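**Student:** My questions all concern the structure below.
Only the coordinates and a few stated rules stand behind these numbers; no lab work does. What you see is a predicted model; the values in this text were computed from it and never measured. Note: ideal-geometry Cβ built from the backbone for every residue, glycine included; neighbour counts use all protein chains shown.
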Amino acid sequence: MGASNTSGGRRDQPSHYIFVANRLEGDDMVRARTILERLAGRGLWLLNKRTPFRGRYKPGDLVLFYLAGEGERQFVGQAVLASEVEPATDEERDLLRGLGIFGFGDRLRLKDVVTWERPVPIAPLIERLAFITNKKYWGHHFRMGAVSISAEDYETVLVARTEG
């Protein structure tokens with residue numbers, strides 16, 4: 001879901017994405033923030049076979065981190081991709097298996113990972129973000145784990161960090 005990336009997919013220009021972490025409900029709820037810390041805190045992001053845009057990720061692409069779900073719904077950081085999609089190691093897959101999450105066999109390496117001290121809530125930005133084409137049911141745009149966005153939407157979120 002989401003609007004196409006206005007960078008045109010050119011290999012010499014960075015593309016912009018949102019990586020979505022959502023809580024996992026089961027016997028023990030795993031918070032979205034825990035998933036983010038486990039992965040981005042180690043400079044990686046794990047993917048499954050259904051993760052969108054797998055064939056488009058390239059080093060230098062820019063990523064925002066978004067925590068979905070009740071009690072979250074906020075942007076919390078950013079990173080730069082340091083690799084294309086590659087197989088995850090057993091140790092990396094175990095990071096999620098230990099939380100009861102299975103099926104994530106590939107990875108993206110990250111660099112320049114920054115977790116923001118002050119999150120940016122999505123609610124005030126919904127009307128300003130072009131990739132959110134359905135403003136009434138905006139949460140549907142975050143259901144797939146990754147969203148391709150324009151450079152302008154990326155900048156809108158970064159600017160919101162410095163407002164209010």
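**Student:** What's the longest piece of the chain with no exposed GluC sites (Glu not before Pro), counting a site as exposed if DSSP puts it in a loop and it has at most 12 other beta carbons within 10 Å?
**Tutor:** Excluding the exposed sites themselves, the longest stretch runs over 71-162.
**Student:** Here's something else I'd like to know. For a Förster distance of 22 Å, can you work out the FRET efficiency between the beta-carbons of V80 and R128, rounded to the nearest 0.05?
**Tutor:** 0.40
**Student:** Using the charge dipole of the chain (Lys, Arg: +1 at Cβ; Asp, Glu: -1 at Cβ; taken about the Cα centre), state which of G43, L96, G145 has its Cα farthest towards the positive end.
**Tutor:** Of the options given, the answer is G145.
**Student:** Anyone know which of V120, V30, V20 comes out most mobile in the 10 Å Cα GNM of the chain?
**Tutor:** Sorting by GNM fluctuation, first place goes to V30.
**Student:** Which residue fluctuates most in the GNM of the chain (Cα springs below 10 Å): K136, K58, K111?
**Tutor:** Comparing K136, K58, K111 in a Gaussian network model of the chain, the most mobile one is K136.
**Student:** Residue separation times 0.36 nm, minus the C-alpha to C-alpha distance between K136 and R161: what's the value?
**Tutor:** 6.6 nm
**Student:** What 222 nm value per residue comes from the helices of the chain, counting each DSSP H run with n ≥ 4 as -39,500 (n - 2.57) and dividing by all residues, nearest 500 deg cm²/dmol?
**Tutor:** So the helix-based figure for the chain works out to -5000 deg cm²/dmol.
**Student:** Between the DSSP loop rule and a limit of at most 13 other Cβ atoms within 10 Å, which chymotrypsin sites (Phe, Trp or Tyr not before Pro) in the stretch 74-164 are left?
**Tutor:** Those that pass, being in a loop and sparsely packed, are F102, Y137.
**Student:** Select from G100, G145, G55 the residue whose mean-square fluctuation is largest in a Gaussian network model of the chain (Cα-Cα springs shorter than 10 Å).
**Tutor:** Result for the chain, Cα springs under 10 Å: G55 fluctuates most.
**Student:** Loop only per DSSP, at most 13 neighbouring Cβ atoms within 10 Å: give me the trypsin sites (Lys or Arg not before Pro) in the stretch 31-62, ordered by residue number.
**Tutor:** Filter output for the stretch 31-62: K49, R50.
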